[in-house]
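Please read the structure below before turning to the comments.
The values are calculated or read from the model by the stated rules, or taken from the named source; none is laboratory data. Note that the coordinates shown come from a computational prediction; the quantities given were computed from them, not determined experimentally. Counting neighbours? That spans all protein chains shown, and the Cβs are built from the backbone with ideal geometry, glycine included.
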Amino acid sequence: MAGLSLEDYDKALAKQSGLQGLTGSADFREVMTGYQAGEPEAQLAVEAVVHRIVRHVGALAAVLGRVDAIAFTAGIGENNAVLRELVMLRLGILGVVADEAANNSARGEALISADSSHTQVWVIPTNEEGEIAQQSATLVAS
């Protein structure tokens, strides 16, 4: 990115790369709509996200020697059964076996791996706003 100022370079990395750079949208819901419609850019972006998740889980498995459980959380992890399925399929090498019905119907905290899975896979809701409020109240009280 020759010729860019430090500020422009930072903006390009922080705001114009990743999903935005691959698809024109940083909204994963829009990217998934494109993925399901067969749009090549969206398919590449989803595969990149899946690759990164699988790479990190694989690295942790290598360091730890095993993986007892995997948790999908936050907006994308909680609300995207397709992404979870793609990740679980790629993690079959770790003995992950998806329960397709549980994955597709997961609302709230849910076990989405099959009984035969060597690694449990969970959907765990987050409550970031509640956590921020609780920590703020603790800080103010002290």
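Key figures for this structure:
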quantity	calculated
Criterion: among the aliphatic types (A, V, I, L, M) and in contact with an Asp or Glu (Cβ under 9 Å, 6 or more places away or on another chain) - qualifying residue of Val97, Val46, Val67	Val97
Matching option when the condition is outside any helix (DSSP H, G or I), out of contact with any Gly (no Cβ under 7 Å at 6 or more places or on another chain) and aliphatic (A, V, I, L, M), among Val121, Val57	Val121
Single unsatisfied condition, Ala45 versus (1) modelled with pLDDT under 95; (2) surrounded by fewer than 18 Cβ atoms within 10 Å (Cβ to Cβ)	(2)
Val87, sole failed condition from (1) under 24 Å from Phe28 (Cβ atoms); (2) surrounded by fewer than 13 Cβ atoms within 10 Å (Cβ to Cβ)	(2)
Filter result for Val50 (assigned to a helix (DSSP H, G or I) and under 21 Å from Gly18 (Cβ atoms))	yes
